[in-house]
Amino acid sequence: MRSTQVEGIPGAYVFAPEVHQDERGSFTEIFREDLLGVQFVQANHSRSLAGVLRGLHWHKRQSDAWYLMNGHAQAILADLRTRSLNPAVASFDLLEGEPKVLYIPPGVAHGFLAVTDVDLIYWVTGYYDASDEFGVAWDDPSINAPWRSRDPILSGRDQSNPKLEWEALSGL
């Protein structure tokens, strides 16, 4: 499995698993613990309709690993670990038929826009813990994420995510 460090965001990686195909179908190994040295404790399935934007979310203690099963999603990462007027931001396309695993370390805000209907499987290194669930506005001007939609469908939680306030991030 090839891995690539996300430019400008230390500790974030994109893994490109090898797909083995024959006349019966295919086999893809999508995760190996020895690649990252982290232990995932929970797996989740997110289904989103085209136009839905989930995020930006972040954790102080938890890492995530995303794998797109179906559809096309635009993933955004924003590094909140170093105070900056404009945090490092990366954008990726996750596409059905082009398997990738996106590893997101703690302190990196993450979200995705469902360009089409999307099925996303993601693993986390901690069980759900509301005290480690944070958000920042998807359209925060200091992050300046290059979303492909300026009018996405948002949950109530994501609509109320605050603008980036570095003072609130102390201890990250």
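The values are calculated or read from the model by the stated rules, or taken from the named source; none is laboratory data. In this text the structure is predicted, and so the values were computed from the model without any measurement. Cβ coordinates were reconstructed from backbone atoms using ideal geometry, including for glycine residues, and neighbour counts include every protein chain displayed.
For this structure, a couple of remarks:
- Count of residues meeting criterion [part of a loop (DSSP other than H, G, I, E, B), touching a strand residue (DSSP E or B) at 6+ places or on another chain (Cβ under 6 Å) and surrounded by 11 or more Cβ atoms within 10 Å (Cβ to Cβ)] in the stretch 130-146: 4
- Selection count where residues are buried (at least 17 other Cβ atoms within 10 Å of the Cβ) and among the basic types (Lys, Arg), scope the stretch 68-120: 2
- Taken as a whole, the stretch 82-90 holds at least one residue that is in contact with a helix residue (DSSP H, G or I) (Cβ under 7 Å, 6 or more places away or on another chain) and either within 30 Å of Arg150 (Cβ to Cβ) or part of a strand (DSSP E or B) (or both).
- Within the stretch 50-72, residues that are closer than 12 Å to Gly107 by Cβ reach partners that are β-branched (Val, Ile, Thr) and at pLDDT below 95 with beta carbons closer than 9 Å, at six or more positions or on different chains, in the pairs Ser63/Val38.
- Among strands (runs of 3 or more DSSP E) entirely within the stretch 1-68, having at least 1 residues that are on the phi > 0 side of the Ramachandran plot and not β-branched (Val, Ile, Thr) singles out 25-28, 53-58.
- Scanning the stretch 26-70 for residues that are in contact with a strand residue (DSSP E or B) (Cβ under 6 Å, 6 or more places away or on another chain), closer than 27 Å to Leu154 by Cα and of a type in the set (S, T, N, Q) gives Gln42, Asn44, Ser46, Ser48, Gln62, Asn70.
- Matching residues in the stretch 94-151 - criterion: being of a type in the set (Gly, Ala, Ser), farther than 30 Å from His20 by Cα and free of Cβ contacts under 8 Å to residues at least 24 places away in the same chain: Ala130, Ser131
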